[in-house]
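*Asks:* Below you'll find the structure I mean.
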Amino acid sequence: MLDRLAEIERRYEELERLVADPTVIANRREFAKLARERSQLEETVARWRERQHVAREVEAHRECLREKDAELRELARGELPALEARLGELDATLKQLLLPKDPNDERNTVLEIRAGTGGDEASLFAAELFRMYTRYAERHGWRVEVLSSSPTGLGGFKEVIALVVGKGAYSRLKFEGGVHRVQRVPVTETQGRIHTSAVTVAVLPEAEDVEVELADKDLRIDVYRSSGPGGQSVNTTDSAVRVTHLPTGLVVTCQDEKSQHKNKAKALKILRARLLERARSEQQSEIAANRKAMVGSGDRSEKIRTYNFPQSRVTDHRVNVTLHTLDRVLDGEIDPIVDALVTRQQAEALAAAG
């Protein structure tokens, strides 16, 4: 672990030199990429440097225990336990920081809330969940923007989709995806019977525009003589261009211009546009598959969490955490549950990493 941390520190120092290089600064895309990588390493390097300092302090205090001066030995003996405890804390933190990061964690989040089983009661609870996440976002300094909604006459939502904008939004909200079950007496119930309803929540990282890079090795470019109207210069020179994108088999031809160079530029522009659309379609298909896996059929039995109003109880079934503070949870205080889910994920990742 220590060798890996030293390697990360060297890379961080290299990145600091690079982002100060005028040549890199002039290349906006390269500068943004390197600055983002440096930002991702910043906390790890800060904790590593603190760990090095504390380790030197621990070693110095252990040396003092062998000194002849009794007062110095006693002073070192009194301070050493706190230093050793801090060293242990830093080692635990660094182990977590070295775990593979979810590349989506820092992205904005698309939050989709839909009423499931339970009719009007489910739509009313969908509105309460939306308020819960709005309050949670406020507590973390994130901004919530409603993208679309289907309100009901009773003040609920059949569906509400919102964008949560803020650093680390996805890293916390991603655990909320699934079926949320509510048990309570609905406002429409006249005989006081408890009903069980369900609301589905899907949490998706905001999709970024997919950039298309065309590598020369992936292209086959053929030139040939244009055909059809266009005059002597078009029909008598090899100005037409056919570009084949080998990985996908997409073919684009262009012969409108008299210049082979201009035809090639046009063909590449068309190819990029088609590849961009293809990549976006694949991205949307993947998101749709993730959404389906996340929310299931919206049936009550597929719950990840239950909100029980008669007992003012909230239970997350994935980590067996129960809180008897339902009103505070619905006001956005869900960090105790999220923290437990984060801890479980980190423990699983540490176990997988050996």
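*Asks:* So in segment 324-354, with the set limited to residues that are in a helix (DSSP H, G or I) and among the small types (Gly, Ala, Ser), which one is nearest to Thr306 (Cα to Cα)? Please lay out each step first, then the result.
*Replies:* So the first thing to find is which residues in segment 324-354 are in a helix (DSSP H, G or I), and the list is 326-329, 335-352.
Next, from what is left, pick out any that are among the small types (Gly, Ala, Ser): 340, 347, 349, 351-352.
Numbers: Ala340: 16, Ala347: 24, Ala349: 27, Ala351: 29, Ala352: 30 Å.
Per the criteria, the residue is Ala340.
*Asks:* Scan segment 120-162 residue by residue and report those that are of a type in the set (D, E, K, R) and farther than 18 Å from Asp327 by Cβ. Spell out the reasoning first.
*Replies:* Step one: filter segment 120-162 for residues of a type in the set (D, E, K, R), giving 120-121, 128, 131, 135, 138-139, 143, 145, 158-159.
Within segment 120-162, Asp120, Glu121, Arg143, Glu145, Lys158, Glu159 qualify.
*Asks:* Residues of segment 141-165 being touching a residue at least 40 places away in the same chain (Cβ under 8 Å), touching a Phe, Trp or Tyr at 6+ places or on another chain (Cβ under 8 Å) and surrounded by fewer than 18 Cβ atoms within 10 Å (Cβ to Cβ), which ones?
*Replies:* Step one: of segment 141-165, the residues touching a residue at least 40 places away in the same chain (Cβ under 8 Å) are 156-165.
Retained after the next criterion (residues that are touching a Phe, Trp or Tyr at 6+ places or on another chain (Cβ under 8 Å)): 156-157, 160, 162, 164-165.
Scanning segment 141-165 gives a single hit, Val165.
*Asks:* Moving to a separate point now. Of all the residues that make up segment 47-85, how many are open to solvent by 80 Å² or more (accessible area, probe 1.4 Å) and assigned to a helix (DSSP H, G or I)?
*Replies:* Of the residues in segment 47-85, 11 are open to solvent by 80 Å² or more (accessible area, probe 1.4 Å) and assigned to a helix (DSSP H, G or I).
*Asks:* Here is a further query. Can you tell me which condition Ala122 does not meet? The list is (1) over 30 Å from Ser150 (Cα atoms); (2) crowded, with 16+ Cβ neighbours inside 10 Å; (3) modelled with pLDDT of 90 or more; (4) not basic (Lys, Arg), and all the others hold.
*Replies:* (1)
*Asks:* Is segment 173-180 home to any residue that is touching a Pro at 6+ places or on another chain (Cβ under 7 Å), crowded, with 16+ Cβ neighbours inside 10 Å, aromatic (Phe, Trp, Tyr) and closer than 26 Å to Gln311 by Cα? Write out each step before concluding.
*Replies:* Kept after step one, since they are touching a Pro at 6+ places or on another chain (Cβ under 7 Å), are these residues of segment 173-180: none.
The answer is no, given that none of the residues of segment 173-180 is touching a Pro at 6+ places or on another chain (Cβ under 7 Å), crowded, with 16+ Cβ neighbours inside 10 Å, aromatic (Phe, Trp, Tyr) and closer than 26 Å to Gln311 by Cα.
*Asks:* Any residue that is modelled with pLDDT under 90, of a type outside the set (Val, Ile, Thr), open to solvent by less than 70 Å² (accessible area, probe 1.4 Å) and part of a helix (DSSP H, G or I) - is there at least one of those in segment 10-29?
*Replies:* Checking segment 10-29: not a single residue is modelled with pLDDT under 90, of a type outside the set (Val, Ile, Thr), open to solvent by less than 70 Å² (accessible area, probe 1.4 Å) and part of a helix (DSSP H, G or I).
*Asks:* Among strands (runs of 3 or more DSSP E) lying entirely in segment 133-206, which contain 3 or more residues that are farther than 26 Å from Gly119 by Cβ and not hydroxyl-bearing (Ser, Thr, Tyr)?
*Replies:* So the answer is 143-151, 157-165.
*Asks:* Within segment 88-100, is even one residue open to solvent by less than 80 Å² (accessible area, probe 1.4 Å), within 28 Å of Val182 (Cβ to Cβ), within 23 Å of the chain's Cα centre (by Cα) and touching a residue at least 60 places away in the same chain (Cβ under 8 Å)?
*Replies:* No, that holds for no residue.
*Asks:* Considering only residues of segment 305-351 that are touching a strand residue (DSSP E or B) at 6+ places or on another chain (Cβ under 6 Å) and free of Cβ contacts under 8 Å to residues at least 12 places away in the same chain, which is surrounded by the most Cβ atoms within 10 Å (Cβ to Cβ)?
*Replies:* Looking at residues that are touching a strand residue (DSSP E or B) at 6+ places or on another chain (Cβ under 6 Å) and free of Cβ contacts under 8 Å to residues at least 12 places away in the same chain, I get Thr315.
*Asks:* Separate question: Filter segment 30-46 down to residues that are touching a residue at least 40 places away in the same chain (Cβ under 8 Å) and open to solvent by 70 Å² or more (accessible area, probe 1.4 Å), then give me how many there are.
*Replies:* As a first pass, look at segment 30-46 and keep what is touching a residue at least 40 places away in the same chain (Cβ under 8 Å): 40, 43-44.
So of that shortlist, the ones also open to solvent by 70 Å² or more (accessible area, probe 1.4 Å) come out as 40, 43.
Here the count works out to 2.
Yes/no matrix, rows are residues, columns are (1) of a type in the set (A, V, I, L, M); (2) within 17 Å of the chain's Cα centre (by Cα):
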residue: Leu65; (1), (2): yes, no
residue: Asp69; (1), (2): no, no
residue: Glu79; (1), (2): no, no
residue: Glu112; (1), (2): no, yes
residue: Gly118; (1), (2): no, no
residue: Ala127; (1), (2): yes, no
residue: Met132; (1), (2): yes, no
residue: His140; (1), (2): no, yes
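The values are calculated or read from the model by the stated rules, or taken from the named source; none is laboratory data. All figures in this text were calculated on a predicted structure; none of them were measured in a lab. For neighbour counting, all protein chains shown are included, and Cβ atoms are generated from backbone atoms with ideal geometry for every residue, glycine included. What goes into the accessible areas is simple: the full protein's heavy atoms, side chains included, and nothing from ligands, DNA or RNA. Shrake-Rupley method; radii C 1.70, N 1.55, O 1.52, S 1.80 Å.
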